[in-house]
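Everything below concerns the one structure shown next.
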Ligand code: PMP
């Protein structure tokens, strides 16, 4: 999708979109040395607010730490860059993309100890990632022939650019087979995650999601869903999920910052439950969007006003 924002924050200042460029010899371009975030700002009862901003920026710094990448800004400065990117572009709601990367630091795989990352933040409008009617009617997905990245290879707890080579294989294969999205199994062939979403299954009223050990990104939407579901009195189990459990689920949904909460109506061509958005999925969706009109009670710091 073509993205439009007038101003992009790059290394400390907002600048016109067309000026925010990098050199072809950038380390990240050659070796994949980038870490990033995907965050949403919503038009809420408290004005335009960024959802769980602090925790997203913590995850950005965690990702950078895993790769020993030095981000030459404080967390507070990055948070302010996010707020400014939304406010200065006059957006009421937005998708935000902070990205730290090794730029033109010279060739050679191993960066110098004092190498500093470049940092950019873009904010732009991005509506429903999996299509407008997906939220209600659900999507068709298929289990990918590609496994998710193995533990102790490329760590999936870091949201790094390179991880998305795996996601591209999964998502493009899914599209070739006519699915909206692909579901990956981990190297032990337990259910892991979507190309860019965490997964939840519901069977006999109990909610299941793969644990951190299944090569997932520890998603903030996943954490939000777990928190809201428990608040509503549901039992949530983080446990290993076998492939066939996808076929036997009463309800199945995917979640992520861009995706939000999207029901799955078929998996590998097999109907999930009644083939429509399930009752519990609907309740969780309502609780999710209720956070932005004040009908769902949440921690104060989950909504960070842009000004
Ligand atoms: N897994 C992957 C691979 C993702 O790219 C994303 C989207 N960031 C998620 C899960 C969901 O994470 P979050 O809810 O924090 O956006």
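The values are calculated or read from the model by the stated rules, or taken from the named source; none is laboratory data. Remember, predicted model here, so these are calculated numbers, not experimental data. Virtual Cβ from ideal backbone geometry, glycine too; neighbours counted across all protein chains shown.
Residues of the stretch 96-116 being touching a helix residue (DSSP H, G or I) at 6+ places or on another chain (Cβ under 7 Å) and surrounded by 16 or more Cβ atoms within 10 Å (Cβ to Cβ), which ones? Matches in the stretch 96-116: 96, 98, 100, 101, 102, 103, 105, 111. Among the residues of the stretch 201-243, the ones that are out of contact with any strand residue (DSSP E or B) (no Cβ under 6 Å at 6 or more places or on another chain) and closer than 24 Å to residue 37 by Cα come to 9 in all. Suppose the filter is at pLDDT 95 or above and assigned to a loop (DSSP other than H, G, I, E, B); does residue 234 pass it? In short, yes. Away from the ligand (no atom under 16 Å from the Cβ), touching a residue at least 60 places away in the same chain (Cβ under 8 Å), in the same structural domain as residue 201 (by TED's automatic domain parsing) and assigned to a helix (DSSP H, G or I), is that true of residue 246? Yes; evaluated as a whole, the condition is true for this residue. How about the stretch 159-189: which of its residues are at negative phi, part of a loop (DSSP other than H, G, I, E, B) and surrounded by fewer than 20 Cβ atoms within 10 Å (Cβ to Cβ)? Once the filter is applied, which keeps residues that are at negative phi, part of a loop (DSSP other than H, G, I, E, B) and surrounded by fewer than 20 Cβ atoms within 10 Å (Cβ to Cβ), the stretch 159-189 yields 161, 162, 177, 187, 188. Within the stretch 141-151, is even one residue touching a helix residue (DSSP H, G or I) at 6+ places or on another chain (Cβ under 8 Å), crowded, with 21+ Cβ neighbours inside 10 Å and assigned by TED's automatic domain parsing to the domain that holds residue 82? Checked the stretch 141-151: no residue is touching a helix residue (DSSP H, G or I) at 6+ places or on another chain (Cβ under 8 Å), crowded, with 21+ Cβ neighbours inside 10 Å and assigned by TED's automatic domain parsing to the domain that holds residue 82. Of the residues 290, 256, the single one that is under 19 Å from the mean Cα position of the chain (by Cα), farther than 19 Å from residue 205 by Cβ and surrounded by 14 or more Cβ atoms within 10 Å (Cβ to Cβ) is 256. I'd like to know if the stretch 140-148 contains one or more residues that are in contact (Cβ under 8 Å) with a residue 24 or more places away in the chain, in a helix (DSSP H, G or I) and under 22 Å from residue 223 (Cα atoms). Scanning the stretch 140-148 turns up no residue that is in contact (Cβ under 8 Å) with a residue 24 or more places away in the chain, in a helix (DSSP H, G or I) and under 22 Å from residue 223 (Cα atoms). The set of residues in the stretch 15-36 that are buried (at least 22 other Cβ atoms within 10 Å of the Cβ), within 16 Å of the ligand (Cβ to nearest atom) and part of a loop (DSSP other than H, G, I, E, B) is empty.
Within the stretch 195-228, restricting attention to residues that are in a loop (DSSP other than H, G, I, E, B) and closer than 16 Å to residue 272 by Cα, which residue is farthest from the ligand (Cβ to nearest atom)? The residue in question is 204. Might you check whether a residue that is buried (at least 21 other Cβ atoms within 10 Å of the Cβ), at pLDDT below 95 and either closer than 30 Å to residue 71 by Cβ or away from the ligand (no atom under 15 Å from the Cβ) (or both) occurs anywhere in the stretch 121-134? Yes, some residue in the stretch 121-134 is buried (at least 21 other Cβ atoms within 10 Å of the Cβ), at pLDDT below 95 and either closer than 30 Å to residue 71 by Cβ or away from the ligand (no atom under 15 Å from the Cβ) (or both).
Every condition in (1) within 22 Å of the chain's Cα centre (by Cα); (2) at positive phi; (3) free of Cβ contacts under 8 Å to residues at least 12 places away in the same chain is met by residue 233 except one, and the failing one is (1).
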